[in-house]
Amino acid sequence: MAYADCDQLMSVIDLAQDTFSVETGPDQNRLTEINKLIRSINNDDMLAILRQSGQAHSFGSVRHFLTVLMFIADRPQEELNRPVTFDQDLAKTATVLHEACRGQTDLNAATTPDHSRPASIRPGQTARWRRLPRWVADIEAEIAEHRNQLRLLGVAMLGLVLAVLFAIAVHIALKVFRIVHRGRSICDVPMHAHVLGRRIDGRITNISRRGCTIVPAMLAESDDELDGGDTALIARGTYFNIKVGDYTLNARTLTEGNDFYQVIFSTPLSQKKRREVLHNSLRPARYDLSSLHWYNIRRRSFGIGS
């Protein structure tokens with residue numbers, strides 16, 4: 001069974017280049033060999049070889065040139081009337097086939113034992129090319145055929161990844177701007193509050209222009225303790241005054257409990273006043289960037305500075 005392997009194709013090209021470059025005219029033996037080689041070529045196998053290098057589109061021109069070459073080889077007397085573009089077509093076909101067969105060069109006749117010589121290589125012929133396994137050829141042919149689509153898909157995926165990264169960067173930048181603009185800071189500011197005649201000491205652990213978080217300490221006067229140690233000191237929605245140094249801040253509770261209170265100021269603080277309150281902090285104040293942590297991204301803020 002004849003196979004259109006690279007050795008046969010390149011033998012045709014080599015013989016044609018040697019034969020038609022001789023000024024004295026083509027040799028009949030060479031023409032006979034060219035004719036024989038071309039007739040033994042299988043179109044399907046040649047198409048598979050071209051597909052492996054992404055040159056399936058050149059199959060028509062290569063097949064046409066081989067047909068013309070076989071016609072000339074059959075009729076040596078017509079050699080002088082060969083097409084005007086014959087030399088250019090020969091050079092173009094040689095370039096296409098060299099490119100198609102370049103990736104399959106890994107067999108050398110000088111080092112290949114006769115018993116391991118491929119069946120498609122005739123004795124005495126230079127074993128320069130080897131056929132790839134059919135399944136490998138099919139995969140490479142599919143890749144070559146859809147190379148442009150794969151390239152476009154890769155560009156689209158890269159664009160999608162860059163768009164996602166850009167969106168994340170913009171989201172983080174906006175959150176940082178929001179934190180800085182609202183002045184949400186972590187601190188440790190001593191304070192006391194007067195609620196319905198009771199004094200509650202504690203400290204502010206988080207403050208922004210719109211509100212703060214208060215952690216209460218023990219009640220200053222023991223006879224003012226409420227019955228039930230787990231009863232809330234300040235009920236939700238209660239208005240009261242917070243004393244910090246020389247400043248008095250009017251606020252309203254958003255949550256109630258014994259551990260901490262989230263409160264909102266009746267009048268948002270100016271940046272200058274917020275900084276002056278932070279001057280009373282027992283430890284260096286810093287912006288609260290906890291909302292940027294991954295586990296906090298989906299958590300809802302309590303609405304006073306996050």
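The values are calculated or read from the model by the stated rules, or taken from the named source; none is laboratory data. Because the structure is predicted, anything quoted here is derived from the model rather than measured. Using ideal geometry, Cβ is built from the backbone for each residue, glycine included, and neighbour counts are taken over all protein chains shown.
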Q.
Criterion first (assigned to a helix (DSSP H, G or I) and modelled with pLDDT under 85) does D230 satisfy it?
A. no
Q: Taking G54 as the residue in question, decide whether it is modelled with pLDDT under 85, within 30 Å of N148 (Cα to Cα), out of contact with any Phe, Trp or Tyr (no Cβ under 9 Å at 6 or more places or on another chain) and outside any helix (DSSP H, G or I).
A: yes
Q. Would you call H115 at pLDDT below 55 and part of a helix (DSSP H, G or I)?
A. yes
Q: Name the one entry in N280, N206, N241, N250 that is at pLDDT 80 or above, in contact with an Asp or Glu (Cβ under 7 Å, 6 or more places away or on another chain) and within 22 Å of G183 (Cα to Cα).
A: N206
